[in-house]
Amino acid sequence: MGLVSSKDWSAFTPSPAGVRLNWLRDRDALVISKTRAGFDRASVDVISGVLREIEGGAHPSLKFLVFDFAEGGAEATRAPEGFSDMVSANAELIVDTPVITIAWARSLMNGLDFDFAMNCSALVAETGARFSFAGEPFDLFGLYAALGRRIGFAKAERLVESERLLSAVEARDLMLVKDVVPEQAAFEGILAYLTQFERRYNASHAIFRAQRMAEPPIDRRPVDMVDRG
């Protein structure tokens, strides 16, 4: 299957962070599997380090960076230090590099996981994935802002207030999810998807890049820190 570990990233794979890195070299892809739901400072540090390496041109052949949300159902919604910078760096990767970022949803997506996924170039969901907007609104401002951009703020408000749990198909119909794919073990589904996606890589990268350049960055500062001029 072309799956090998990368010694280059060994410094960024401490088990306490709940993050595991694997290369799919036949697909020019790096998979970052989150083995725990949500984000803490350790996982932010690991992923931020990977993003800096890619931004710095350490892996020029890389085409796809896949965030595999292997575990879902995050409990905490308050962002740890560095989370906002990490989300911004990930969102901007499509502008400055040849890398397309893909969030891969397997189960329940909520909280900071859902926030981060909405700021990837594309969100792909397995059939068993579910999506929730529940949580402290001030903590989930970034998620709500990304949702509003995608479907309009009036519709976003109604959706959040309804407290609905969206299925993968419902999320796709709302254009939150790009594609829905069958559930498969390990990296089989990701490999199959990238095999198809690779054929339209150039067009997809150009479209995702244009989309990102047309959207201003989300201001995630707390209300009491915003300059009211």
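For the chain, the dipole from Cβ point charges (+1 on Lys and Arg, -1 on Asp and Glu) about the Cα centre works out to 480 debye, to the nearest 20. Charge tally for residue 27 (other residues, Cβ to Cβ under 15 Å; Lys, Arg +1; Asp, Glu -1): -1.
Note on the stretch 78-165: with charges restricted to the Cβ of Lys and Arg (+1) and Asp and Glu (-1), its dipole about the Cα centre is near 420 debye.
Among the GluC sites (Glu not before Pro) found in the stretch 42-151, those both in a DSSP coil and sparsely packed, with 13 or fewer other Cβ atoms within 10 Å of their Cβ, are 75, 81. From most to least packed by mean Cβ count within 10 Å, the peptides 194-207, 145-158 give 145-158, 194-207.
Mean separation of Cα pairs under 8 Å and 6 or more residues apart, divided by the residue count, gives the chain a relative contact order of 16 percent. With respect to the chain, whose longest principal axis is taken over its alpha-carbon atoms, helix 188-197 is tilted by about 90°. Using the empirical formula 2.2 N^0.38 Å as the baseline, the Cα radius of gyration of the stretch 15-207 reaches a ratio of 0.96.
Quick one: how many lysine pairs in the chain have C-alpha atoms under 27 angstrom apart, if they're 8 or more apart or on different chains? Counting lysine pairs in the chain gives 6. Solvent exposure of the stretch 15-207 amounts to 42 Å² per residue of accessible area, where only protein heavy atoms count and the probe is 1.4 Å. Toward the positive end of the charge dipole of the chain, with +1 on the Cβ of Lys and Arg and -1 on the Cβ of Asp and Glu, the farthest Cα among 95, 144, 18 is that of 95.
Near residue 91, once Lys and Arg are set to +1 and Asp and Glu to -1 for all other residues with Cβ below 9 Å from its Cβ, the sum equals -1.
Largest to smallest in accessible area, the residues 86, 213 fall in the order 213, 86 (1.4 Å probe, all protein chains included). Comparing the stretch 124-197 with the 2.2 N^0.38 Å rule of thumb, its C-alpha radius of gyration ratio is 1.24 (two decimals). With respect to the chain, whose longest principal axis is taken over its alpha-carbon atoms, helix 141-151 is tilted by about 90°. Between the alpha-carbon centres of the stretch 174-213 and the stretch 44-78 there is a gap of 16 Å.
Using θ = phi - 60° in the Karplus curve 6.51 cos²θ - 1.76 cosθ + 1.60, the 3J(HN,Hα) couplings for the stretch 200-211 round to 10, 4, 4, 5, 5, 4, 5, 5, 4, 5, 5, 4 Hz; x is entered for Gly and Pro.
So what is the calculated 222 nm ellipticity per residue for the chain, using -39500 (n - 2.57) for each DSSP H run with n of 4 or more, over all residues, to the nearest 500 deg cm²/dmol?
Here the helix-only value at 222 nm equals -11500 deg cm²/dmol.
The values are calculated or read from the model by the stated rules, or taken from the named source; none is laboratory data. Just so it is clear, the model here is predicted, and its values are computed rather than measured. Cβ coordinates were reconstructed from backbone atoms using ideal geometry, including for glycine residues, and neighbour counts include every protein chain displayed. For accessibility, only protein heavy atoms count, side chains too; no ligands or nucleic acids. Shrake-Rupley method; radii C 1.70, N 1.55, O 1.52, S 1.80 Å.
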